[in-house]
Amino acid sequence: MTSANATIGVLGGMGPEATILFMQKMLDAVPAHDDCDHVPLIVHNNTQVPSRIRALIEGRGEDPGPVLVEMAQSLEAAGAEALAMPCNTAHRYASAIVGAVSIPFLDMVQLAAGKALQLTAPGARVGVLGSPALRATGVFDAPLMNAGLAPVYGDDDDARLEIIRAVKKNGVSMKTADELQTATDRLADLGVEVIMVCCTEFSLLTDRLRTKAPLFDTLDVLVEACVAFSTGKTRSSEVARRSSAASVPPQTDQLGKENLQC
């Protein structure tokens, strides 16, 4: 007998090390007794997705949207039952992805806004620790404001962008960890009630951060939602965006799962 866990398709490669971190977190999130207890993943680790920095910040790059749509469609064709994208900035193209497939899209931005509300209350100020592209495009603005929360970005865009570029080029280091800690402290000093780590390059350093304000990583929120969807704990609109053409998958009873053998 095998597990009935639903397969998650992953739009990855943004960046590749962050995608590997997502996969490791997915592995760690499941109290597995055997291989089949884990969440099945189909990962498109596409390092050739056009640069979000060039397209959204510098305004001179190729549009990543069509490539992301093609990736989503290929993942659906390969058997994915839901999609996840471990890149906050790329959620600028979430609507195009949702409109191009018939399976649910687990929206990290929407999920993170919900998590921030759980940890605070309407009217709270939420620190957005991520790429300058998030402020430029307002990716988090509507989800947070719809929850009654106020996004706070800080004034150190250039420093954050340099951290992202350094991690993509050389991986994590003591220097990048110290610089991200400085950015975190600056955000906390603005009087936010909670800080969201909203860049998957920063996620590689989240465990090293210390802050006066509560802090969570949007990547962890996405992992939790992927596991919940796959194992049937929830397959509702609470965790997924879908096109109007998508059908609602049936609930899956996972009771006794610990006794399944691969």
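The values are calculated or read from the model by the stated rules, or taken from the named source; none is laboratory data. Computed from a predicted model, the values in this text were never measured in an experiment. Counting neighbours? That spans all protein chains shown, and the Cβs are built from the backbone with ideal geometry, glycine included. Accessible surface areas use protein heavy atoms only, side chains included; no ligands, DNA or RNA. Shrake-Rupley method; radii C 1.70, N 1.55, O 1.52, S 1.80 Å.
Within the stretch 89-105, if we keep just the residues that are outside any helix (DSSP H, G or I) and of a type outside the set (A, V, I, L, M), the residue that is most open to solvent (accessible area, probe 1.4 Å) turns out to be Ser102. Checking each residue in the stretch 73-88 for being over 18 Å from the mean Cα position of the chain (by Cα) and part of a loop (DSSP other than H, G, I, E, B) picks out Ala78, Gly79. Among the residues in the stretch 63-72, are any out of contact with any helix residue (DSSP H, G or I) (no Cβ under 7 Å at 6 or more places or on another chain) and part of a loop (DSSP other than H, G, I, E, B)? Scanning the stretch 63-72, I find no residue that is out of contact with any helix residue (DSSP H, G or I) (no Cβ under 7 Å at 6 or more places or on another chain) and part of a loop (DSSP other than H, G, I, E, B), so the answer is no. Ala113 meets the stated requirement of being of a type outside the set (Ser, Thr, Tyr), open to solvent by less than 50 Å² (accessible area, probe 1.4 Å) and either over 16 Å from Thr19 (Cβ atoms) or part of a loop (DSSP other than H, G, I, E, B) (or both).
Identify all residues within the stretch 1-31 that are closer than 16 Å to Glu81 by Cβ, surrounded by 15 or more Cβ atoms within 10 Å (Cβ to Cβ) and of a type in the set (Gly, Ala, Ser); write none if there are none. Answer for the stretch 1-31, where residues must be closer than 16 Å to Glu81 by Cβ, surrounded by 15 or more Cβ atoms within 10 Å (Cβ to Cβ) and of a type in the set (Gly, Ala, Ser): Ser3, Ala6, Gly9. Restricting attention to the stretch 32-63, the residues that are over 17 Å from Arg165 (Cβ atoms) and either open to solvent by less than 30 Å² (accessible area, probe 1.4 Å) or in contact (Cβ under 8 Å) with a residue 40 or more places away in the chain (or both) add up to 8.
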